[in-house]
Amino acid sequence: MPIYLAHNLTQRLAHVRKSGKLPWLRPDGKSQVTVRYIDLKPTTVHTVVIAAQHSPEVDYDTLKEAIIEEVVKKVIPPEMIDKKTQFFVNTTGRFVTGGPLGDCGMTGRKII
């Protein structure tokens, strides 16, 4: 379930970018979802992590709120979100430069 939700989040990021709903989004992005299980059954989402490349003019609060409302809440079923669910959006800071140029480091390859 976590990989299914993570894939759907990145697909939704692409959709809202291409449709113009969030016009300041850029093509690079990634997501991770952690799910709580009880007796091997998924119960709730523990953590949602999204890194989304964006244009320089968007401020962090706008970015975070829009991604949670237009991406996360459209993908994660409401019954899977509780008071303990944590949302981390672009927690490493601004993500303006994407692709291999943005994080190739010393290896010359994109680091995931």
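A short reminder: the numbers here are calculations on the coordinates, not readings from a lab. This structure is a prediction, so every number in the text was calculated from the model and none was measured. Don't worry about glycine lacking a Cβ; one is built from the backbone with ideal geometry, like all the others, and counts go over all protein chains shown.
A few comments on the model shown:
- A simple count of charges around ALA6, restricted to other residues whose Cβ falls under 15 Å of its Cβ and scoring Lys, Arg +1 and Asp, Glu -1, yields +3.
- Positive minus negative residues near LYS21 (Lys, Arg vs Asp, Glu; Cβ under 15 Å): +3
- Over 28 Å between alpha carbons, listed pairs LYS18/LYS84; LYS21/LYS41; LYS30/LYS74; LYS41/LYS64; LYS18/LYS64: LYS18/LYS84; LYS21/LYS41; LYS41/LYS64
- Charge dipole magnitude, Cβ of K and R +1, D and E -1 - the stretch 2-103, Cα centre, debye nearest 20: 220
- Scalar couplings 3J(HN,Hα) for the stretch 26-32, obtained by applying the Karplus form with A = 6.51, B = -1.76, C = 1.60 to θ = phi - 60°, are 10, x, 7, x, 7, 8, 8 Hz; x denotes Gly and Pro.
- Across the stretch 69-83, computed HN-Hα scalar couplings (Karplus, 6.51 cos²θ - 1.76 cosθ + 1.60, θ = phi - 60°) run 6, 8, 10, 4, 6, 8, 10, 7, x, x, 6, 8, 9, 10, 5 Hz from first to last residue, x flagging Gly and Pro.
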